[in-house]
Each structure stands twice: as C-alpha cells, then as structure tokens.
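Asks: Below is one structure. I have some questions about it.
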Amino acid sequence: MMRAWILPLLLVVCGALVAATLAVRGFAGAAVPLLVLFVLLAGLHSPLAFPRSIGAAETQRRSALDGRPVVHWRAGCPYCLRLRIRLGRDAGRLHWVDIWRDPSGAAAVRAANDGNETVPTVMVAGRPHTNPDPVWVREQLAPRPRT
C-alpha cells in the first residue's frame, strides 16, 4: 500500500527542497509556483487521481452483473494516468483495481501479460486488453442493443 505513495511523496519533498532553496536565495516569487507545480504533479501520480479501487474478486462479480469493464492500474503509471484523464467523467463508470493494493489483481494482470504487470490492463467480458486506446474503452461503456 505504501508503494503507491512513494512517487507522490518524493515529488512533494523534492518540490519543497527546491522551493526552500529558491526562497532562501531571495526568489520567493518563483518558489511558490514551483512548489504548487510539484504538489499538483504529486496529486496526479497518487491514488487520489483515480476512482476508488476495489478488490479483483469484487470487480469480477460486479462486472458480471453490469457488464462494465474492469481496469487494472497502479499509481505512478503514465499510461494509467493517460487513460484516466482521457476518460474524464466516464472513468467513474468503470471498475478499478489497484494492483499494488490487491495481490489477486496483480496476479490477473500477470496471467494476461505473460508474467508482466503491464498496466493499464482492461478486462472486457473476461478478455484482457493491455494499454487500450481510451476511445475504445469509452466505446465499451456504450449501451449495447439487445437482440
């Protein structure tokens, strides 16, 4: 669980050190925006930028009931962040599993990716799709006509 917060914490600490150095040297006007930038980057790379994660078993159960895709992700992954940002509000309609918090989710990703923890891995109808295009993922949320 702590592993997900290492990069955001490093960003905040580094930003604080750089900002403090600038402030001590008399560049307080540059220190504040720089610190804000580092804090924003830390927020984007933290678990807070993603919808609440639930366990892999629960997401499989929910996906079987409502047919929505399951996204396996981890904090600090630029491709996961890209998917999350591009999905916008639609991200809340997906089921999210943080593989660093859920060992069974990590195992599912390794099984789908030849032993690698490559994320984002999106499960649609039980089939894995590694690093799919966000437009394609959004299309999977569209209601399907009943036949």
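Asks: Which one, A107, A31, A23, has the greatest fluctuation when you compute a Gaussian network model over the chain with C-alpha springs under 10 angstrom?
Replies: The residue with the greatest mean-square fluctuation here is A23.
Asks: Okay, moving on. Which helices pass in the chain if a helix is a full DSSP H run, must span at least 18 angstrom along its long axis by Cα, and must have mean Kyte-Doolittle hydropathy not below 1.6?
Replies: 6-24, 28-44
Asks: Among L48, L37, L65, determine the one that fluctuates most according to a GNM of the chain built with springs between C-alpha atoms less than 10 Å apart.
Replies: Checking each option, the largest mean-square fluctuation is seen for L65.
Asks: Given the options A16, A111, A28, which has the most mean-square fluctuation in a GNM of the chain, springs set between C-alpha atoms less than 10 angstrom apart?
Replies: A28
Asks: Something else now. Can you pull a Stokes-Einstein diffusion coefficient for the stretch 50-141 at 20 °C (1.002 mPa s), Rh from Kirkwood over Cα pairs, as a whole number of µm²/s?
Replies: Roughly 170 µm²/s, to the nearest whole number.
Asks: As a test, work out the antiparallel percent of DSSP beta bridges whose residues both lie in the stretch 50-141, rounded to the nearest 5.
Replies: On the way: 7 of 11 bridges.
Of those bridges, close to 65 percent are antiparallel.
Asks: Same structure again: How many percent of the alpha carbon pairs in the stretch 1-98 exceed a separation of 23 Å?
Replies: Value for the stretch 1-98 (Cα pairs over 23 Å): 40 percent.
Since every read-out is calculated from the coordinates, none of them should be taken as a lab result. Just so we're clear, the structure is a prediction, and the values are computed from it rather than from any experiment.
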